[in-house]
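S.K.: Sending over a structure as structure tokens; questions will come in a sec.
The values are calculated or read from the model by the stated rules, or taken from the named source; none is laboratory data. Note that the structure is a prediction, hence the values are computed from the model and not measured. FYI the Cβ positions are ideal-geometry reconstructions off the backbone, even for glycines, and counts take in every protein chain you see.
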């Protein structure tokens, strides 16, 4: 018996979604596949409140981060760093030889519009990277406010957003906020097996990509666009996963987007209140994640030991990330988990720890 996953990815996948992958194989250049992609794409656009292009990449999110940053700048990129995964943006940008700088805040803190404003005032940059939900710390950066600041004062700067651990769990209004790239792997809030990344790309980001000297090939928007109108992808897609994505999108839309966003808020509030009562919250209270809570281990418990006991009861949570191992633990409340699931989990932890 495998434990139920209360970790920030991969997340628990429902049996119906797993079964959706068992459709007989079809060719990716057939009318049947085109019909599938043509069906799922508008659902993703609805999820992201956009009329612009949403691509499906057979890749982890890190690959699409690399591809997008390669196509974003003809000047210099500003990477905003507030934890392990926003740091990855900076590592990727540097590794590709793209001129870049970073602004960095301590773990547990958020990137604010004021910080971005101060950095962009130099006029050196034409793209900014930001993680909307920093999985390693449990911080949700104010992307909407940062984007508004950029559009108001620096309209030529592209906004690239890693929404890996919050897309499909929180409201992201791609068009209204004026984002240029917003990407997420499907193994977190989408509650699917890993292997696909959803990426919304603005028309102006696609235009910028045409001006870049070395945009790459596999993740190139130009390559994606060659097949987009035919409802196909340039390289072979993960067809079985896309069947599962289509099934899951039907269920997400049947639940209702506003209901889905509220369910995630409700689960977050329960975990946060519990953490305040028995431990402490690691991250800035003003910017708490709605999909994963980072709990400060004020009681000095063995997180590994707690997880061992939880496994026996059919659940698993996450230890602290990197340097925060055993100093913190993380409880994910995302995807298809319910308020009842979260209450059950916390009851088990309370019982194991004698709280």
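S.K.: From the residues in the stretch 273-303 that are touching a strand residue (DSSP E or B) at 6+ places or on another chain (Cβ under 6 Å) and part of a helix (DSSP H, G or I), which one is farthest from residue 189 (Cα to Cα)?
M.R.: Here the answer is 303.
S.K.: Please specify each residue of the stretch 280-296 satisfying the condition of being free of Cβ contacts under 8 Å to residues at least 60 places away in the same chain and buried (at least 20 other Cβ atoms within 10 Å of the Cβ). If you could, list the steps in order and put the result at the bottom.
M.R.: The initial filter retains those residues of the stretch 280-296 that are free of Cβ contacts under 8 Å to residues at least 60 places away in the same chain, namely 280, 285, 295-296.
Listed by number, the list holds a single entry, 295.
S.K.: Looking at 55, 49 in this structure, which one is under 15 Å from residue 182 (Cβ atoms) and part of a loop (DSSP other than H, G, I, E, B)?
M.R.: Details: 55 fails: part of a loop (DSSP other than H, G, I, E, B).
49 is the lone residue from the list that is under 15 Å from residue 182 (Cβ atoms) and part of a loop (DSSP other than H, G, I, E, B).
S.K.: Would you be able to say whether some residue in the stretch 15-25 is buried (at least 16 other Cβ atoms within 10 Å of the Cβ), within 19 Å of residue 186 (Cα to Cα), in contact with a strand residue (DSSP E or B) (Cβ under 7 Å, 6 or more places away or on another chain) and not assigned by TED's automatic domain parsing to the domain that holds residue 346?
M.R.: no
S.K.: Of all residues in the stretch 82-96, which are more than 25 Å from residue 155 (Cβ to Cβ), touching a strand residue (DSSP E or B) at 6+ places or on another chain (Cβ under 7 Å) and not in a loop (DSSP other than H, G, I, E, B)?
M.R.: 85, 87, 94
S.K.: Turning to a different aspect of this structure: Residues in the stretch 74-81: is at least one surrounded by fewer than 22 Cβ atoms within 10 Å (Cβ to Cβ) and in a helix (DSSP H, G or I)?
M.R.: no
S.K.: Only one residue in 260, 208 is in contact with a strand residue (DSSP E or B) (Cβ under 7 Å, 6 or more places away or on another chain) and assigned to a helix (DSSP H, G or I). Which one? Spell out the reasoning first.
M.R.: On the way: 260 fails: in contact with a strand residue (DSSP E or B) (Cβ under 7 Å, 6 or more places away or on another chain).
Matching residue, one of 260, 208: 208.
S.K.: Pairs under 8 Å by beta carbon, first residue in contact (Cβ under 8 Å) with a residue 24 or more places away in the chain in the stretch 253-265, partner exposed (fewer than 15 other Cβ atoms within 10 Å of the Cβ) and assigned to a loop (DSSP other than H, G, I, E, B), six or more apart or different chains?
M.R.: 263/338
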